[in-house]
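What follows is one structure encoded as structure tokens, with my remarks underneath.
A short reminder: the numbers here are calculations on the coordinates, not readings from a lab. Everything quoted here is computed from the prediction, not taken from an experiment. In this analysis, Cβ positions are derived from the backbone assuming ideal geometry, glycine residues included, and neighbour counts consider all displayed protein chains.
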Amino acid sequence: MAPLRHALSRMMRSLVMKFTVLCAIVLLAATVVMTSIGYISNTHDNRETAQAHAQLISQLFAANLAEEFVTRDARRMTLNLNSFVERGDVQGVYIADTLREVVVTAGQVDLLPGDRTGDALVHGALGSVDSRVEVQGDLIRVAHPIMHSGRLSGVVVVDVPTAAVSRAASDILQRQLLVGLVALVIFLPVVALVVRTSLGPIHKLTEAARLASSRKLDLRIDVRTGDELEVLANAFNRMFARLDASMKRIHRLAYVDMVTELPNRERFRKEVERVTRRAEDDGSAGAVLFLDLDRFKRVNDSLGLGEGDRLLEAVARRLRETARGWDLSQGDDGAEPSLVARLGGDEFTVLLPTLRDPADAARVARRIIDAVRRPFEISGHRVFLGVSVGVSVFPRDGGDPETLLRHADLAMAAAKRSGGNAFEFFEATMNQTAFERLVLEGELREAVRDDQLVVYYQPKISIKDGSIAGVEALVRWNHPTAGLLSPGTFIQAAEECGLIGDIGNWVLRHACEEMAGLYKRGLNIPVAVNVSAVQFEDEKFSDTVLDALRETGLPANALELELTESTAMRQPERVLEQIAPLRERGVSFAIDDFGTGHSSLSYLTRMPFDVFKIDQSFVRDMARDEHARIVVETILAMAKALKLQTVAEGVETSEQLAFLRDQGATLAQGYLFARPMPLTDLVRFAEGEAAASARARTA
């Protein structure tokens, strides 16, 4: 039974079969109804026909027996009646006189001659002198008066069986049912064919919907019926066209970078997932390269957003060309090509699906670096960029997209820390370093929140007389477990996690507050505070400095702000706008680490700086490096010509001090005089013997 039910279930899933069965049911119901109507009609007709026949026979009896009945010729009447009964359409007949006495009988009659009948049918016929009919089951009884010479002589009663004068209703019913079944057998195939033809367009619509559900939307339904189905098919075609266009746009938005037309992060992740799964199955190897453009932010800020996008497009073209060139150089036409993608911002990735040797990844990275280093022509400007590349090899460095990208990113960060325009392969130690950096960033946030930072001060000594000409404020971290940490251990982490601005503003306010306290005690010591690029780029930087001076009460001429040379020269016009309101109040400015950047002399002469700080790397190498000594001499000569003060950092020996004095340096700072110290030690240094010792060293 189960297979039969299954087959029936499958059959009834067909719309053609459903309509065919429905039509069969309608035809069958119509046949039954028509047969029933015919049966009832024939039964009624049979009864009327039988009654008419019975009346006709009774009339014949009455007419033929009138003479014999008057003469009371019983023998002749009996012969006539028997001849009628033998015909088969009369079951029984008898004649009674007006006194209802039976005269003659024939056939199946319950009365005998001489009996007096009490039949109501006889009473009615004699009383009305007309025929009377009575139906008893399948028997029709008719009583007809016998008239002779216009006078009533008697009555003849005839019993006529219905079946004798009409066809049985059951025979008629069987015939009609047979006709109905033959009609079903003939017309059902015709109905099925008509239904199938009529529902053909619906089948096309159903098939189109099924294909559309499997994302095959580039199809067209051809229905030409001229009715609602054609209208519906055309509506489907329009809907599929719009859906196809929308799906293509959605796919493009989901997997393509709109600026460079390269695959985006999600598409790259899917491709890496597929390739790494294949590599795991066949034992092959490949690589993921993580690219970050060097100096792009600076160029983008200079060119503007639109030109920055054009620059990214140009970079994308070179990366595609480089990847394509590498693929062609391998000479394997059947190999899967490399994939270049943009993750976002100035970050790109390259997937090398197959590697013959990990050294091939290094060769590709070198080609990419060389390609990006070539100048770009953007709106008539020659733009120079660099790129840092991190390489992770699968399956050695990971087997999933997230791990490979993370490891390549760590390697890229190592390449960028080494100066950029370089590549690095991922190493396991990078994970530990990254974890330590993450822990450090978390602890640094707690340090800012819990006030674990302290300010140390390193004196700046006048080379002329050995007096304290000022101090430089330097931040320290009083770590709960590691003790006092110098800036070199946490400043880079602060820059990367976005805390450098908060730390810089805290140092500025704290230094102003402590120096204002010394001023109230009579110690007038100017303080120099380092300003990070993040602080300086804030539009409210000037307001922040002025608020700190006003709230702490430190005189403006007692504050010096130190900007690195790279920060000062990045946007000279903006620098002038930022420092103008502060200089008007008396705040002085110094260029820190002078000589390590790339200053433009044309801008340098326009910049309202007061101090050049000579980087300690030049001071330290003066004795053994002639070039360092020449740089120091040049800086001092330039400062003298521009009438600026100079501060030589990192002075540790008397020989260095003597050379600087001879070259006209004005201030010196370094371990030869004092290390960075907390405020209490600074007070003792300024007031006590330490100051005298410093003066002696300069004598």
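A few points about this structure:
- The simple spin-label model puts a point 7 Å past each Cα toward its Cβ; for residue 448 and residue 41 those points are separated by 10.1 nm.
- In nm, spacing of pseudo-spin labels at residue 687 and residue 181 (7 Å Cα→C-beta vector): 13.0 nm
- Which of 477, 506 has the fewest Cβ neighbours within 10 Å, and the rest in rising order: 506, 477
- Separation between Cα centres of region 546-570 and region 403-469, rounded to whole Å: 24 Å
- In a fully extended conformation the segment linking residue 97 and residue 521 would gain 135.9 nm over its present Cα-Cα distance, using 0.36 nm per residue.
- Normalised by 2.2 N^0.38 Å, where N is the number of residues, the C-alpha radius of gyration of region 17-169 stands at 1.42.
- Residue 258/residue 373 FRET efficiency (R0 25 Å; Cβ-Cβ; nearest 0.05): 0.40
- Cross-link table 416/613; 416/460; 613/643; 460/540; 416/540, entries beyond 23 Å C-alpha to C-alpha: 416/613; 416/460; 460/540; 416/540
- Taking Cα centre as origin and charging only the Cβ of basic (Lys, Arg, +1) and acidic (Asp, Glu, -1) residues, the dipole magnitude of region 517-666 rounds to 500 debye.
- Sequence ranges 492-499, 556-563, 71-78, ranked by mean other-Cβ count within 10 angstrom, highest first: 556-563, 492-499, 71-78
- Listed by Cβ neighbour count within 10 Å, with the fewest neighbours leading, 340, 575, 156 appear as 575, 340, 156.
- Residues residue 539 and residue 428, FRET efficiency given R0 of 51 Å [Cβ-Cβ distance, rounded to 0.05]: 0.70
- Fewest-first ranking of 104, 475, using other Cβ atoms within 10 Å as the exposure measure: 475, 104
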